[in-house]
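The values are calculated or read from the model by the stated rules, or taken from the named source; none is laboratory data. Computed from a predicted model, the values in this text were never measured in an experiment. So basically every Cβ, Gly included, is an ideal-geometry build from the backbone, and we count neighbours across all protein chains shown. The protein model used for the area step is the full one, side chains on, heavy atoms only, and it has no ligands, DNA or RNA in it. Shrake-Rupley method; radii C 1.70, N 1.55, O 1.52, S 1.80 Å.
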Amino acid sequence: MNRQVIGEIGHVAIVTTDLDAVVDNATTLMGMRVSERRGDGVDLTHGTPHHSLQYLLGDSSAVDHIGLVAADSAALDEIRTRAAAAGARLLQDTPLDACLAEGFVIEGPEGFVFEIYRGMPENEPIYAPTGVRPNRFGHVTITLQDPGDMCDFMQTVLDFRISDDFNAGFFLRCNVDHHGIGLFPGSPKLHHHAWEVSSAVELGQVGDRVDEAGESLLLGPARHGAGDNIAVYYLEPSGAVVEYYCDMLRIYDEAAYEPVQWDLTSHKWFSRWAPMMPDGFLELGVPVAEATVRS
C-alpha cells in the first residue's frame, strides 16, 4: 500500500466502577457532551464525532480498548491480513460499537485490545460546553512489561513510525502528530489519555477547573522535550490520568525525520523547563481488562 493504514487515534474506552463520577468529570471539567447512554455505559464526544471517549460500568477500573481509525476499507483488509500473520487474536469480526460502518477487534501484545474501524458518524450537534472542551482526541500512553514487542506490533501491523526512542520506551505516530501512542515500561495499563487544545490559556483553565473541584494538577504546565508540547495532567475518577496539551510537533517530511534518542534518567525528555515529574507518576493509570472473544 502507498499510504499508512491507520489515520488517527479515534477513541479510548475505560471501565469504571462509578459512571456518575466519570461522566461528571468529563462533562463539567473536560467540557464533553454525552452522545449516548446505555445500561452499562456512556459515550461522550468533544465535537461532531459520535464518541471520542467511552466509559463502561464494571467491577474494577480498567482500559477496555483503544479505537484506531483505518484509512479506508482496503486498509481494514490489509490490517486484518497483517494481524493474522502476526498471530494477533481476532476477538470480534465486526466493530464493538453499532454506530461504526465497518471494522473488527484484535488483541495486541500483553492483552491490549484495539478496535480497528472506519465510518464513525460525524453529525453530533453543536453545544455549549461547561468545561474546557478540547479540539480533538490526540493520543494515549500505555505501559507494558515489554514495550519493544508492542513497538514491533504497531509498526508491522499498523504502520506506526517511531518518533522518539528512550531505549526502554517509544513514542510512535500514525499521522503528522509527533505521537499517537506512547509505550513505557511497567505493568500493562493505560497511563493517560490526551486531548489537544489551542493554547496554553486553556491549560490554565484546566488547572482552574481542577482547583475548583477541590483537587490539584499532578504536574504542569510543562514543556515536553519529546514532542515539544506544553501539557498539564490530572487524575480522573477512574484512576486514569488525563493530559491536556498544545503546540505538539508535527512531522511533515517522513523521509527527512530521524527518531530522537532520549535518556530517561534526564528530566529533559519530559520537561525542558524544570525537573517536574513527581515520584510515582508513571505508576498511575488503570490496568488492562481481560481480553475475551466477543463473538
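Considering only residues in region 258-295 that are among the hydroxyl-bearing types (S, T, Y) and open to solvent by less than 50 Å² (accessible area, probe 1.4 Å), the one that is modelled with the highest pLDDT turns out to be S271.
Taking each residue of region 204-224 that is within 13 Å of L235 (Cβ to Cβ) and looking for partners that are part of a helix (DSSP H, G or I) and of a type in the set (F, W, Y) with beta-carbon atoms closer than 9 Å, six or more apart or interchain, yields L218/F281; L219/F281. The sole residue among V69, V34, V42 that is outside any loop (DSSP other than H, G, I, E, B), of a type in the set (A, V, I, L, M) and under 16 Å from the mean Cα position of the chain (by Cα) is V69. Note on region 237-288: among residues that are among the hydroxyl-bearing types (S, T, Y), touching a strand residue (DSSP E or B) at 6+ places or on another chain (Cβ under 8 Å) and part of a loop (DSSP other than H, G, I, E, B), the one that is farthest from G31 (Cα to Cα) is Y257. Count of region 14-31 residues, restricted to those that are assigned to a helix (DSSP H, G or I) and out of contact with any Pro (no Cβ under 7 Å at 6 or more places or on another chain), is 7. The set of residues in region 32-47 being open to solvent by less than 40 Å² (accessible area, probe 1.4 Å) and small (G, A, S) consists of S35, G41, G47. Take region 98-119 and flag every residue that is open to solvent by 30 Å² or more (accessible area, probe 1.4 Å), of a type in the set (A, V, I, L, M) and in contact (Cβ under 8 Å) with a residue 12 or more places away in the chain. Hit for region 98-119 is A101, nothing else. For H11, the test of being assigned to a strand (DSSP E or B) and modelled with pLDDT of 95 or more is passed. Restricting the first member to region 177-193 and to residues that are basic (K, R), and the second to residues that are open to solvent by 10 Å² or more (accessible area, probe 1.4 Å), the beta-carbon pairs closer than 6 Å and six or more apart or on different chains are K189/G285; K189/P287.
Quick grid of which residues meet (1) part of a strand (DSSP E or B); (2) within 30 Å of G225 (Cβ to Cβ); (3) open to solvent by 40 Å² or more (accessible area, probe 1.4 Å):
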{"site": "T81", "(1), (2), (3)": "no, no, yes"}
{"site": "L96", "(1), (2), (3)": "no, no, yes"}
{"site": "Y127", "(1), (2), (3)": "no, no, no"}
{"site": "M150", "(1), (2), (3)": "no, yes, no"}
{"site": "F153", "(1), (2), (3)": "no, yes, no"}
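Filtering region 155-176 to residues that are touching a residue at least 40 places away in the same chain (Cβ under 8 Å) and open to solvent by 20 Å² or more (accessible area, probe 1.4 Å) leaves T156, D159, R161, I162, D165, N167, A168, N175, V176.
Regarding A213, is this residue among the aliphatic types (A, V, I, L, M), out of contact with any Asp or Glu (no Cβ under 8 Å at 6 or more places or on another chain) and within 20 Å of R133 (Cβ to Cβ)? Outline the logic, then answer.
Working: among the aliphatic types (A, V, I, L, M): yes; out of contact with any Asp or Glu (no Cβ under 8 Å at 6 or more places or on another chain): yes; within 20 Å of R133 (Cβ to Cβ): yes.
For A213, the condition - among the aliphatic types (A, V, I, L, M), out of contact with any Asp or Glu (no Cβ under 8 Å at 6 or more places or on another chain) and within 20 Å of R133 (Cβ to Cβ) - is met.
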